[in-house]
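Below is one structure, written out as structure tokens; the observations come after it.
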Amino acid sequence: MNKNLLQKEVQAYINSNLNADVTKIALSKSPFAEVSSAELANQVAAKKKSEKKLPTWFKQENIIYPSTLSVEQTSSENTANYKKQLVKGNSLIDITSGFGVDSFYFSHKVDEVYSCEINTELSAISAHNAQILGACNISCLATDGLEYLRNSDKHFGTIYLDPARRNTSGKVFKLADCTPNVVKHLNLLLNKAERIIIKTSPLLDLKAGLAELTSVSQIHIVSVKNECKELLWIIEKDFVGQPKIICATLNASIKQTELPLQDDHITNYLSVLPTSGYLYEPDTALMKSGAFNAIANQLALKKLAKQSHVYFSEALNTSFIGRVFEIKAAFAPNELKKEKELYGNVIVRNFPERAENLVKKLKIKPNNNNFYIFTQIQQGYVVFYASIIQHY
């Protein structure tokens, strides 16, 4: 870590060039003897990437940034803030801390945080930033987190880890192929803490993860603006039973829905084509759960059809995680051909044509508030004309 980056003139240069071409900065001669042009370019690029993802870091003076890749791979502030509620006990060890964003938020919840990072420069950067941000209860350790656990007599309330999902052959998704290998070292982790929190790829299949892990008590599916960001696996010593699936959306407010691992049976399908009422399009967190029938059962909604993951109710339910539309009219698909002026966005769910083809064929002009929802109910294909009243 180059502490010369903290010189006032250097910091002023970085802040004044946040919108500059970093390639030009990297190829130009550095105006500072003790800071290279490559270092300047990296600080500018990494800070710019932090503006929306890590606003606390971005707004704080004298922060030092690691490589842009480290910033890209770190948790965002809103997901880190969500994770802090999942910890157990008064002490936590983050054995793959990286840039230290998760460790920083965990420090708001527990008395002691041990933040392990095997990359010595990245660990030094995290330690510096923790002090600048006032997180004095974080101990940054430049060491292999698993080795530290093996050689330590400490017992923690919670162990947190975010295994690296790359190896020499590229991206990996099975937990046993990640680094560290959680599956191989699970017994060690369970002997050192009451609770383990594992962050995995959002692409990891829930059943595949459960086939590799034991003692999983909860799985949190976390999304932001309909993009699945994280899967969080809560493992508790001696837990026996079926895990809870918690779908969480971190948008203007946090919404949660708890669903069973095994999807329910459903008999409550929409039987009559409605011309009023409300349609519900699930957020990606609900879709990832696979509990399509449980969504209807728990929220007293009617499913349109077996393979149509859209729901209906006569009364509005704003607790739903996803978009909600108010029905203005309903048509058979062929009826729309008679209409000359169609304004709205097109959504296709369980319908045999692509949205862009329907827009072109029916000459539908865009409108931000109104939607044509092409889907299928038990009796056949339908189109709902609806206005959006709840966004992701």
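The values are calculated or read from the model by the stated rules, or taken from the named source; none is laboratory data. Here the structure is a predicted model, which is why all the values come from computation and not from measurement. A quick note on method: Cβ atoms are made from the backbone with ideal geometry, for glycine too, and the neighbour counts reach across all protein chains shown.
Of the residues making up region 367-384, those that are closer than 16 Å to PHE325 by Cβ and surrounded by fewer than 20 Cβ atoms within 10 Å (Cβ to Cβ) are ASN367, ASN368, ASN369, ASN370.
For region 106-123, the candidate set comprises residues that are surrounded by 19 or more Cβ atoms within 10 Å (Cβ to Cβ) and either touching a Phe, Trp or Tyr at 6+ places or on another chain (Cβ under 9 Å) or touching a residue at least 60 places away in the same chain (Cβ under 8 Å) (or both); within that set, the residue that is nearest to CYS136 (Cα to Cα) is VAL113. Checking each residue in region 302-321 for being among the aliphatic types (A, V, I, L, M) and either out of contact with any helix residue (DSSP H, G or I) (no Cβ under 9 Å at 6 or more places or on another chain) or modelled with pLDDT under 95 (or both) picks out LEU304, ALA305, VAL310, ALA315, LEU316. Highlighted here are the helices (runs of 4 or more DSSP H) found entirely within region 1-105 that include at least 1 residues which are over 30 Å from TRP233 (Cα atoms) and small (Gly, Ala, Ser): 8-16, 22-27, 37-53.
In this structure, does PHE156 turn out to be of a type in the set (Phe, Trp, Tyr), at pLDDT 95 or above and closer than 30 Å to LYS59 by Cβ? Criteria not met by PHE156.
Restricting region 322-368 to residues that are touching a Leu at 6+ places or on another chain (Cβ under 8 Å) and part of a helix (DSSP H, G or I) leaves a set whose member that is modelled with the lowest pLDDT is LYS337.
Please determine whether any residue of region 122-135 is within 23 Å of VAL222 (Cβ to Cβ), modelled with pLDDT of 95 or more and in contact with an Asp or Glu (Cβ under 8 Å, 6 or more places away or on another chain). Yes: region 122-135 contains one or more residues that are within 23 Å of VAL222 (Cβ to Cβ), modelled with pLDDT of 95 or more and in contact with an Asp or Glu (Cβ under 8 Å, 6 or more places away or on another chain). In region 290-318, of all residues being within 22 Å of VAL383 (Cα to Cα), part of a loop (DSSP other than H, G, I, E, B) and of a type in the set (A, V, I, L, M, F, W, C), the one that is farthest from the chain's Cα centre (by Cα) corresponds to ALA315.
Residues checked against (1) in contact with a Phe, Trp or Tyr (Cβ under 7 Å, 6 or more places away or on another chain); (2) in contact (Cβ under 8 Å) with a residue 12 or more places away in the chain:
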{"position": "LYS174", "(1), (2)": "no, yes"}
{"position": "ASN187", "(1), (2)": "no, no"}
{"position": "ILE197", "(1), (2)": "yes, yes"}
{"position": "ALA211", "(1), (2)": "no, no"}
{"position": "SER223", "(1), (2)": "no, yes"}
{"position": "ILE235", "(1), (2)": "no, yes"}
{"position": "TYR269", "(1), (2)": "no, yes"}
{"position": "GLU281", "(1), (2)": "no, yes"}
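The sole residue among THR249, THR200 that is under 16 Å from GLN85 (Cβ atoms) and hydroxyl-bearing (Ser, Thr, Tyr) is THR249.
Criterion first (among the β-branched types (Val, Ile, Thr), within 30 Å of GLN379 (Cα to Cα), surrounded by fewer than 22 Cβ atoms within 10 Å (Cβ to Cβ) and modelled with pLDDT of 95 or more) does THR275 satisfy it? Considered against the rule, which asks whether it is among the β-branched types (Val, Ile, Thr), within 30 Å of GLN379 (Cα to Cα), surrounded by fewer than 22 Cβ atoms within 10 Å (Cβ to Cβ) and modelled with pLDDT of 95 or more, THR275 comes out as no. Checked against (1) surrounded by 19 or more Cβ atoms within 10 Å (Cβ to Cβ); (2) over 22 Å from ASN4 (Cβ atoms); (3) over 13 Å from the mean Cα position of the chain (by Cα), SER50 meets all criteria but (2).
The residues of region 246-267 that are touching a Cys at 6+ places or on another chain (Cβ under 9 Å) and closer than 9 Å to SER289 by Cα amount to a single one, LEU259.
Pairs are defined by a Cβ separation below 6 Å, a sequence spacing of at least 6 or placement on different chains, a first member in region 1-27 that is touching a residue at least 24 places away in the same chain (Cβ under 8 Å), and a second member that is among the polar types (S, T, N, Q); the pairs so defined are LEU6/ASN62; ILE14/GLN43. Going through (1) at positive phi; (2) crowded, with 21+ Cβ neighbours inside 10 Å one by one, VAL71 falls short only on (1).
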